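Down below is the structure, laid out as structure tokens.
The values are calculated or read from the model by the stated rules, or taken from the named source; none is laboratory data. Only a predicted model underlies this, so the values are computations on that prediction, with no experimental measurement involved. With ideal geometry, Cβ positions are generated from the backbone for all residues, glycine too; neighbour counts draw on all protein chains shown. Heavy atoms of the whole protein, side chains included, go into the accessibility calculation; ligands, DNA and RNA do not. Shrake-Rupley method; radii C 1.70, N 1.55, O 1.52, S 1.80 Å.
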Amino acid sequence: MKALQVTLLLASLALMQLIFGGGDGTRLIYTLPGHLLLGLSGALAIFSLRKAPARMDRACLLTVLVLAIYLFARIALSPSAWLARFDFYALLGALLMYFATALFVRGAGERFAVVCGLMVLAVVQVAIGIFQFAKDANFNPLLSETRAEAGFRSSGFFISPNHLAGFLEVALILATSFCFWGGFKARAKMFFGYLALVCLTGLVLTGSRGGYLSAGAGLAVVAVGSVWAMRSRLTHGVMPRVIAIVAAVVLIGGSLGLVAERSYAIRTRVNTVFITSDIRILLWKAAVQQFKLAPVFGTGSRSYVYYGRQFRSPGLMDDPVFVHNDWLQALAEYGIVGVLLIVGLVIMHLRHGWRRWSEMAVNLSAALPETAGKHALALQIGTLSAIAATLVHAVIDFNLHIQANLLLTAFLFGMLAARGADTRREKPGWPARLLHALPAALGLWMLIVGVPQVPGEVFAETARGKFASGNIRPALEDAGRAISGGVRSPDLYFQLGEVQRLYSQILPSEEARRFAIEDALEQYATALAIFPQDVGIVLRNAWALDRLGRFDEAEPLIARAKELDPNSPMVWTFSALHWKMREMPAEALADYRRADSFGHGWVEKVLREMNESFDPAVMENLVKQGRPADPK
């Protein structure tokens, strides 16, 4: 059973990583395979109810349960059920990983096997990253989709270099810890040292400033913690280890500096680690304004997607989907209560981890013969240090919104939560059986809600790809199958509306064009009912109503769009088109000038996308003459 649990955990982590790291969870087809494997792992806990229990620290267990109950409740009460379901699956998957690790993958041997699996994944990711850096920025042997940030920065199988950095920093720290503390002979220690250098190479190639900072913080914890563990035993060959650890930290830092010096692109990234004009500052300001709306319980799951637009600064043209600070985003969406519960969870786990670390340090001997004991010490130091790196990374990026990295973090916390006492001879009581029933219930829940989603999500994903490549007829067929399979995605209905909108531009007769726009409006309206906070869907509905001459219905939608995203040139361009079609040139010209003031060619881009025209000179003449605008 233990071997099966280890296999399922590794398989779920591998699947998440190989499919763009699971992305940010908004495309379930990327995450469901890994989550369903975790669901199977949890369901297998049913067969361990009658066996001797694995034990968890009570404070850790209590904080996890209280936080989980609060998060599930807040997710259920969030304004957008569409957005909230992504956090639901992420939370359920993280809990399954956490309990499976704490209860079933508890021996040093089993955990070392997982670490070895992570090292294999790290080597594969770095190999892909080196090829991307040297040859083909978009290289991905499994998926043909272009990654988000093609360029010199390596991302491996992840969709972004920053996400790969979030994984490699953990792998680097674990490899470093096993290099110095593992119960190996010299050659095996050297091998883990080489693995650490491989991870460092991959981390450097990501160009992730957050990865550099968090890896540095984690390695500092490894160094300080190692010296602390040996503080009272600087004899028996331990002093050389201290010297080796300090030398290794200096060597790693020097290697990073040397690589940065040789590569202009990487040197540029390193030199901007502490830049104060980063876009993150603008994103954080919007999150602070969002937090003020509901400071106690937050504004709801994933609500920064639309509040980030509402509070965006005029100079921020990129779509602010994430805060790039997991702590601040949790504060805005889940409130002070949510953050306090998260902080409590972190403190209790670090407290328990530190106690076990101290116990191991007391029993430390340079000549310790037991390999498992040394592996346990390496795991404890590496886990605490990796968690420190993850917490630092969460301050400057949305690393924990990436599903593969979230599961990895849950694995680390699960290792800290287990009690160190040997429970193999204990008789299982009802409390212990109830503890094992938790992952069983969560696993069954995941399987029940997840398995029926798979066919529809597969067709939704293939439809999306075919829409993007211009294969409209097959895309429509797959979209129909997805909808029949229960998928209610605003993106899918939006694409169906876009198809009808584009058809309306090439149809020969006015009547046919009107029918096509009516069909487009029906699809847009369905998308709006699912996700009423999306400004793009609101504007498409308004445009379709305007084209049908239903101006009184369109005008409230235009006003709503201005509330949702007041500093977006797209909103003001659509507003200008609305007034033009309503034959009100003065209002149209004013909104056009507001849109044009944002610069960057946004007005022309929106007009080209909608196949619309707007001549400000003509509008000025119409205003002077007091004549209405031509709606065409």
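Dividing the mean sequence gap of close Cα pairs (under 8 Å, 6+ apart) by how many residues segment 534-632 holds gives a relative contact order of 25 percent.
Taking only protein heavy atoms and a 1.4 Å probe, the accessible area of segment 486-530 is 54% carbon and sulfur.
Our summary gives segment 22-98 a relative contact order of 46 percent, counting only alpha carbon pairs under 8 angstrom and 6 or more residues apart. If you take every residue apart from residue 87 with its C-beta less than 15 Å away from the C-beta of residue 87, what net charge results, scoring Lys and Arg +1 and Asp and Glu -1? Net local charge, residue 87 excluded: +1.
Average the reciprocal distances over every distinct pair of alpha-carbons in segment 93-194, invert the result, and give the Kirkwood radius in Å. Display every interim value, and only then the final one.
On the way: mean 1/r = 0.0654 Å⁻¹.
Value: 15.3 Å, from the Cα pair sum.
Model label points for residue 279 and residue 343, set 7 angstrom from Cα along the Cα-to-Cβ axis, are 3.0 nm apart. On the basis of the beta-carbon distance and an R0 of 60 Å, residue 190 and residue 336 show a calculated FRET efficiency of 0.75. Tell me, what is the FRET efficiency for residue 116 and residue 76 to the nearest 0.05, using R0 = 41 angstrom and their Cβ-Cβ distance as r? Once the sixth-power term is evaluated, E becomes 0.55.
What pairs in 580/624; 2/374; 466/562; 292/562; 135/466; 135/189 have C-alpha atoms more than 25 Å from each other?
Exceeds cut-off: 466/562; 135/466; 135/189.
By the rule of a C-alpha distance below 17 Å, with chain neighbours fewer than 8 residues away ignored, the aspartates and glutamates paired with residue 185 are 370. A 1.4 Å probe, protein heavy atoms only, puts the accessible area of residue 309 near 30 Å².
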